[in-house]
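Below is one structure; the comments refer to it alone.
The numbers here are math on the coordinates, done by the rules we state, and not lab data. Everything numeric in this text was worked out from a predicted model, so none of it was measured. Here Cβ is always computed from backbone atoms with ideal geometry, including for glycine, and neighbour counts include all displayed protein chains.
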Amino acid sequence: MTGLAAQKRLYIKTYGCQMNVYDSERMADVLAPLGYGLTDTPDGADLAVLNTCHIREKATEKVYSELGRLKAFKASRAEAGGAMILAVAGCVAQAQGAEIMARQPAVDLVVGPQAYHRLPELIARSHRASGERLAADFTPDEKFDALPSQRLATGVTAFVTIQEGCDKFCTFCVVPYTRGAEYSRPADAIEAEARALAADGVREITLLGQNVNAYRSDGSGGLAALIRRLARIEGLDRIRYTTSHPRDMDQALIDAHGEVDALMPYLHLPVQCGSNRLLKAMNRSHTAESYLRLIERIRAARPDIAISGDFIVGFPGEREADFEATLALVREVGYAGAYSFKYSSRPGTPAAAMAGQVHEATKHDRLARLQALLEAQRRAFNADLVGRTVPVLFEKPGRRVGQIVGRSPYLQAVHCEGRSDLIGRIAPVAVVSSGHNSLAGLRAPAPV
Ligand code: 5AD
Ligand code: SF4
């Protein structure tokens, strides 16, 4: 951790048993990376937590009178232009959550002892509700945190950011804290940008967002509607988007894959792992089966679509059987490509505090096994195109003189001999050989 000076003040008042004292310490620990440091007065606190005890009637009543007192601090904080989140934790919260909210409306959130691991999420959501972004002490990690960008823009292709942020709170991930809530740019602004790019010679755009298929534009629908609108732009022949969450893969978007010619047959749809037990612990909101059914529906709409994904090995609690479920899912899907990572503990995320952290050597071994399978699938996917003719959008000169390079609809790099005036144009290429990362082809149909 980088140890940012605590910018936010956390006041915790603990009632009852030793267990509650321990839980209060844990709460302080999980909130520290969000910038919270302990203070011993509720005066000026950004977050006040009452960690309650239900053991006797009298103890419960004490909670309500203390809440009345804290409400006054909350009000004076608001008058001074600040904000204080008021939270009730512990056994009273467990037993009377709804009643507390009803009896004391100043309470912002109620969290039972079983849900402390969700505190970072609840606090982040509470900040968002008041329009404030958390200044979290998460060390940036370009690998996981950056907006997805799979390749450099060339002048023929360009990226257009249409969405940022994430509301999914996967338990391993810092993005919901660092990037904030899901936000979509207005469709008019996106269309204007895409038109300007097309007028400048761009033939292909990739729509970017951390949760790009959660895109929603006021009045004009989701990502499918946006894609249909952009597909009408003169000169813009290819549209891609990344990264998507399975939960937001709606029927309209699936239909678009079957109906919109400009929408390329390639989909990056991370699943993370194949074990339902771990998917639940990851808070992914899908199972292996629901993901597979989704892939089936997408392939029904667009049978040749290339699927790629993200995987994490060594998530806390991962056993050999869980990992084998991941391998089984990969075999079932058949990926055209994928990114795979060893689980990396990020302090402040719920998974960092989970039991069953996996040894580095085991992670290393599983990653190697997973990557060997994914690599074989990638090669098989590439090899499948040998002997076929695909439309290639030429992007730049190749490394060798007289060679040019472009992309197939499936995002594979394709090399062939050709004049540089083909750059910026789409032309058919007969694929003659394939490798790990690219295809080689001939501009004229291959001799028989
Ligand atoms: N450890 C390992 N992989 C992670 N990712 C995000 N956070 C972590 C982490 N803590 C991966 C996920 C995600 C991709 C962008 O980065 O697979 O889909
Ligand atoms: Fe992170 Fe999950 Fe959001 Fe992706 S969907 S950015 S992995 S929280």
Leading residue at positive end of dipole, the chain (Cβ point charges), from 73, 199, 420: 420
Overall form of the range 1-97 per C-alpha gyration tensor (a/c, 1.5; a/b vs b/c): oblate
Burial order of peptide ranges 308-319, 392-403, 27-38, 411-422 (average beta-carbon count within 10 Å, highest first): 308-319, 27-38, 411-422, 392-403
Within the chain, percent of DSSP bridges classed antiparallel, to nearest 5: 35 percent
Radius 12 Å from Cβ of residue 51, net charge of other residues (Lys, Arg +1; Asp, Glu -1): -1
Length released on extending from residue 345 to residue 300, taking residue separation times 0.36 nm less the Cα-Cα span: 12.4 nm
Rounded to whole Å, sorted largest first: equivalent-ellipsoid semi-axes of the range 144-384, Cα gyration tensor: 32, 20, 16
Gyration tensor (alpha-carbon) shape descriptor, the range 181-235, a/c threshold 1.5: prolate
The range 339-393 and the range 279-305: distance between their alpha carbon centers, rounded to Å: 17 Å
Along each principal axis, Cα extent of the chain, largest first, Å: 90, 49, 38
Which of 368, 59, 187, positive extreme of dipole for the chain (C-beta unit charges): 368
Karplus-derived HN-Hα couplings along the range 378-383 (A = 6.51, B = -1.76, C = 1.60, θ = phi - 60°), whole Hz, x at Gly and Pro: 4, 5, 5, 4, 5, 5
Magnitude of the charge dipole, the chain, Cβ model with Lys/Arg +1 and Asp/Glu -1, debye to 20: 420 debye
Relative contact order, percent, the range 389-443 [alpha-carbon distance under 8 Å, six or more residues apart]: 36 percent
Positive-pole candidate from 127, 16, 92, dipole of the range 8-141, charges at beta carbon: 92
Cross-link pairs 8/71; 62/280; 280/363; 71/280; 168/363 - those with Cα-Cα distance over 29 Å: 62/280; 71/280
